[in-house]
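Worksheet: one structure, shown below.
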Amino acid sequence: MSTKISNTEKIRQVNRNDIINALRQAGPMARIDLGNYLGLSPSTVTTITAQLQQSGLIYELADQDKDSGVRGRPRVAIDLNPKAACVIAIKLSINELQFELGDYKGNIHFQRTRHLNTRKLSGDMLIEILKTEVTSIIDTHGHEYEQFRAIGIAVQGFVDSNSGTIVWSPALGFRHMDLATPLSDAFSVPVVVANDTDCIGVAVQQSPQYKDVKSMAVIMINYGVGMCLIMNGELYLGGVGAVAEFGHTKFSHEGPQCRCGKRGCIEAYVSDYAIYRDACLMMELPETDVMHPSEQQMQDLAERARQGDEKIRRLYADAGRVLGVGIGNLLALLGPEKIILTGSGIRTYDLMESGIFAGVRDSFVEDLIAGTVIETLPWQEDLTSKGVVIQALSYSEV
Ligand SMILES: [Zn+2]
């Protein structure tokens, strides 16, 4: 008997979370449309939305269909109450800490960026900075919301999301640090620590155009090469909470040095720093931190290629081929419905495209390639922020 009750409760919980996610994903809708969207019965939707309304998490909008000519009972749309809760989203990347406040609908209302030498920080200094900033944001804006619900942290590098630990990040001079426990203790809220590409993948999955895609790999190309795997409709983290390190799979064990300490990783050929490093060997380029070239320097390099500089064109085509071989391996291993390429590195997709598809053909049986759609998604800076807010909100859902 107790098992039956527990299962019923579990299903109710899943349906409740699905309803909240659907409203966050697709915006306000009438109960009947919500039922159709999720494949839930009208009575299930009515029961759960009544409970959500009573808790102040959703509310009814003014009658939208007044003028639509629909006869009978008006279809009242329901929406999430943005003021029901807030979360703090933190982005930790090389020499930058970004703080944002997200509301219960997942919208971002506030942003503050701190520029500092992140590699010089000790673990204790990092925690102190995060505590100070979160306290300041909550003291200033927290009163506008019913509840401060959670903190989400997106980190460049290897992250164990199961334990909230940073394993290794190119942004930091230390390894293995539990970030979740001290922040959770300080603010008494759950803290989710996630890889930055996983956050992007979650934001992509949240967009209505991808909501029915059950398996996809989102590959982000920029200062590094990251990947998020969505399997069976869920973010795949594996047993260690840190998987899908596509950028650190090997193209050649004797290849160029990668930032992770190994050689010949896909990232060591395809990321911004890899392309800039190789370009510096071929020509005089403005001085820079070769491990972190600026956006403008990368744009200038791409422009030289487009204007016909054959050496630079070759560089991009070769980088594309390495990426293509990696994608071919991914197809062979997982065969996802979609592979989506995004990140600021996608600005040079035109220069890499033929190399990518040559690499895919080199590494995988041609007949099986057709089962997966490979497409690009224009880069939007705020995808990471959206993703970390969504993850923090989901993590905090009871
Ligand atoms: Zn590597």
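Across the range 256-288, which residue is farthest from the ligand (Cβ to nearest atom) among those that are over 23 Å from R119 (Cα atoms) and open to solvent by 60 Å² or more (accessible area, probe 1.4 Å)?
E284
Could you name every one of the strands (runs of 3 or more DSSP E) located completely within the range 171-242 that has at least 2 residues being assigned by TED's automatic domain parsing to the domain that holds H292 and within 30 Å of Q297 (Cα to Cα)?
216-221, 225-231
Kindly indicate whether any position in the range 354-375 is closer than 17 Å to G226 by Cβ and either within 13 Å of the chain's Cα centre (by Cα) or charged (D, E, K, R) (or both).
no
Here are L351, L323, L315, L301: which of them is farther than 30 Å from R119 by Cβ and open to solvent by less than 40 Å² (accessible area, probe 1.4 Å)?
Numbers: L323 fails: farther than 30 Å from R119 by Cβ; L315 fails: farther than 30 Å from R119 by Cβ; L301 fails: farther than 30 Å from R119 by Cβ.
Going through L351, L323, L315, L301 in turn, just one is farther than 30 Å from R119 by Cβ and open to solvent by less than 40 Å² (accessible area, probe 1.4 Å): L351.
Which one of the conditions (1) surrounded by 19 or more Cβ atoms within 10 Å (Cβ to Cβ); (2) modelled with pLDDT of 90 or more does Y223 fail to meet, given that it meets all the rest?
Only one criterion in (1) surrounded by 19 or more Cβ atoms within 10 Å (Cβ to Cβ); (2) modelled with pLDDT of 90 or more is unmet by Y223, namely (2).
The values are calculated or read from the model by the stated rules, or taken from the named source; none is laboratory data. Please read these numbers as outputs of a predicted model, since none were measured by experiment. Please note: Cβ atoms are built from the backbone with ideal geometry, for glycine as well, and neighbour counts cover all protein chains shown. Each accessible area value is taken on the protein alone, full model and side chains, heavy atoms only, with ligands, DNA and RNA left out. Shrake-Rupley method; radii C 1.70, N 1.55, O 1.52, S 1.80 Å.
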